[in-house]
1. Of all residues in the range 469-495, how many are farther than 22 Å from Phe455 by Cβ, open to solvent by less than 50 Å² (accessible area, probe 1.4 Å) and not small (Gly, Ala, Ser)?
2. Taking the range 53-81, which residues are closer than 21 Å to Lys236 by Cα and charged (D, E, K, R)?
3. For the range 459-492, enumerate the residues that are outside any helix (DSSP H, G or I) and among the aromatic types (Phe, Trp, Tyr).
4. I'd like the residue in the range 496-506 that is out of contact with any Gly (no Cβ under 8 Å at 6 or more places or on another chain) and open to solvent by less than 20 Å² (accessible area, probe 1.4 Å) and, out of all such residues, is farthest from Gly579 (Cα to Cα).
5. For the range 245-276: of the residues being acidic (Asp, Glu) and surrounded by fewer than 16 Cβ atoms within 10 Å (Cβ to Cβ), which is nearest to Pro321 (Cα to Cα)?
6. Conditions: (1) β-branched (Val, Ile, Thr); (2) closer than 22 Å to Thr94 by Cα; (3) in contact with a helix residue (DSSP H, G or I) (Cβ under 9 Å, 6 or more places away or on another chain). Ile113 meets all but one. Number of the miss?
7. Checking Asp664 against (1) in a helix (DSSP H, G or I); (2) under 18 Å from Ala611 (Cβ atoms); (3) open to solvent by 80 Å² or more (accessible area, probe 1.4 Å), only one condition comes out false. Which one?
Amino acid sequence: MSVEGIPPRPSIFKSHSFYVKIVTAFIGLLVLTVLPIVSYNYYKNSRMALELSDDLMAQITSTVIEKTGNYFLPAAILVEISARLAKLGAIRCTDNKQLELFTLGALESYPQISMFFIGDEQGNYIRAWRLPDGNMEGRIINRACLPATNTFKYWNGQFQVFKTEKSTQIDYDPRVRPWYRGAKETRANYWTDAYILFRNKKPAVTSAYPVMDPQGKVVAVWGVDIELDEISTFLKSLKIGKNGIPLILNAKNEVVAYPDVSRIVKEENGKLRPVQVAELGVAPLSRALEEYLRTGRSKLVIDSQGKRYLASFAEFPQSFPAHWKVALIVPEDDFISGAKLLIRETLLICLVILAVAILLATLIARGISQPIKLLAEETKKIKDFRLDDKIVIKSYIKEIQFMGNAISAMKAGLQAFRKYVPAELVRQLIHTGEEARLGGQKREITVFFSDISGFTGIAERLAPEELMLRLSEYFDELTKILSAEKGTVDKYIGDGILAFWGAPVPDEEHAWHACHAALVCQEKLKELNHRWEAEGKYPFATRIGISTGETVVGNVGSRERINYTVMGDNVNLASRLEGVNKLYGTQIIVSPTTYQAVADKFWLRPLGIIAAKGKKEETTIYELLGSRRAGENGATAELCEEFAQGFQAYLARDWEGAAAIFGDLLKKFPGDAPTDFYLARCRYYRENPPGGDWRGIEYLEVK
């Protein structure tokens, strides 16, 4: 069944590439050709198989070690890289939201990992766990708040939360767990002994790696749980004769992996543990282990229950994180002797036929499927509006050449079109499926408006060519930042930029992204101005206004040409706030709704109360000064707090008290324009008190 407008997904049994089908056909022909030859020589060749048993067992042992190592290596790398990223600050151990998404994303990317988690020295704990039904469970233990909270979130396959449970009952402390203590003591990648998971009675191990601060002190530990049933499934797939048994043992001679995973778990006194070899009930295997421990020989021939068995034991290499060994036990009857010469002849014939068939299949399949695959990739790039790469498709098939030329012409046309329409906007509209038709809808979004201070004077002093180059570089750098922060750049208005967040793709953090983008833009502008001044060029000073609120967003224009844009009072307010920067000598001003949305994430201070010309509504505005984050300079917090106190005294008409606060603040922060502004106002009103209806409102001269 298909949803209206969405074509049904092709069946997995019908959808195969040309390459696979052609290679499969050749291999099928190969099997039909070689099978009679192999069958004819089977009896004679089998008599020599016993002489090859050593090589077979060695190969299987090597395969098991390689497979197991490859299975565990990503987990070891994941925890070590996570710890190093945390040490470098790319992952913030105090940012629960980032850690939650990171653990869920890593779990999605590594199918052999059942659980990914981090604990710190304060007992905080964040983990992601893959549930049997394909969903994921996230858990956050936050001991930083009072009371401490224990939160469970359940995520579906589309990374959407469908259930949340929260309590103050906490029954888990990562700091006392073996994985945490082991990593903290070794200060390196630490692997636990095998244990049995109570939730599903499967054997597992944990890999952990510590996070250390610049002083070398352990502040947190990353860890992953790896279930071992996949290794047992792999062992079950191995064929060692007819009745051969492969297994993996740890240093305690406990069974870590076994073809029948249900036999390696034992419940004792209400607890689960891995079984010992003797508890498997396989007498030849127990006898072989006893002989190996007694003699230390890795290859053995033993007698048990009237039969002879071949056994081998091999230690995992030292590079492997655990002291494990691979054991093989095979009845000697499974290997019968044969003619070595016939085996070699048969193998030679098979190898020659196989090599020729693979070569032919590869050449033919590649010649047909590779150009088609490239065409499919190019059309997908066009769908995503990625047009920078040149298309180079070589084929002797005329129809494929025609298709390649058509796609090249299409990309060339779209590249020219992209110069006039923001590529990111087109991608977003494609992904959301929003139709290009006239009309709009109301959404709560955040609008960003910027302008260059004194641009008219700068333009008069520069040649037109230099002005356009400077302005283009300025727009390019700021547009990159706005796009990187999930913003949609609407248009360039002279020297100004209008951008918004929250449409066409919904963004729950649109106010945060807008404020963060504004701060990053100002930092980038400092770099540009430093370089420009070194080159003897005029610097650009940018003022920014940000407002959050209900806004009309959609397509406006005519039938021939439309523009995806925003309109309404929220847009006008952002424009006014940009202009109000002139009054206070500031760089970034935000509206009260934006302030309410981000006050706990950024440093902001109340800047004043304004009213637009011809309007009665008054608006309290705020200056955005920086982000709240670990290691933030306390001076910004001090400035915001003391300025707010002075502002309240100012509104209360306490001219002496407010002037004293602003005077002291100006000594600490010389050159702070808003402080200087209010200090002058206090001194003026002290000598010329305002009327009784004065409420500290600044009435703007423009609408």
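The values are calculated or read from the model by the stated rules, or taken from the named source; none is laboratory data. Keep in mind the model is a prediction, meaning the values are calculated, not measured. Cβ placement follows ideal geometry from the backbone for every residue including glycine, while neighbour counts extend to all protein chains displayed. Just so you know, the surface numbers come from the protein's heavy atoms only, side chains and all, with ligands and any DNA or RNA stripped out. Shrake-Rupley method; radii C 1.70, N 1.55, O 1.52, S 1.80 Å.
1. Selection size over the range 469-495: 2.
2. The answer is Asp54, Asp55, Glu66, Lys67.
3. Here is the first cut: in the range 459-492, the ones outside any helix (DSSP H, G or I) are 462-463, 485-492.
Tyr492 - this is the single residue of the range 459-492 that is outside any helix (DSSP H, G or I) and among the aromatic types (Phe, Trp, Tyr).
4. Filtering the range 496-506 down to residues out of contact with any Gly (no Cβ under 8 Å at 6 or more places or on another chain) leaves 496-498, 502-506.
Applying the additional criterion that residues be open to solvent by less than 20 Å² (accessible area, probe 1.4 Å) yields 496-498, 502-504.
Working: Gly496: 11, Ile497: 13, Leu498: 14, Gly502: 24, Ala503: 25, Pro504: 27 Å.
Ranking the qualifying residues of the range 496-506, first place goes to Pro504.
5. Here the residue is Asp260.
6. With respect to (1) β-branched (Val, Ile, Thr); (2) closer than 22 Å to Thr94 by Cα; (3) in contact with a helix residue (DSSP H, G or I) (Cβ under 9 Å, 6 or more places away or on another chain), Ile113 is out only on (2).
7. For Asp664, the exception is condition (2).
One line per residue, one yes/no per condition, for (1) touching a His at 6+ places or on another chain (Cβ under 6 Å); (2) buried (at least 21 other Cβ atoms within 10 Å of the Cβ); (3) over 18 Å from Ile458 (Cβ atoms); (4) of a type in the set (D, E, K, R):
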{"residue": "Leu528", "(1), (2), (3), (4)": "no, no, no, no"}
{"residue": "Lys537", "(1), (2), (3), (4)": "no, no, no, yes"}
{"residue": "Phe540", "(1), (2), (3), (4)": "no, no, no, no"}
{"residue": "Val553", "(1), (2), (3), (4)": "no, yes, yes, no"}
{"residue": "Ser558", "(1), (2), (3), (4)": "no, no, yes, no"}
{"residue": "Leu573", "(1), (2), (3), (4)": "no, yes, yes, no"}
{"residue": "Thr593", "(1), (2), (3), (4)": "no, no, yes, no"}
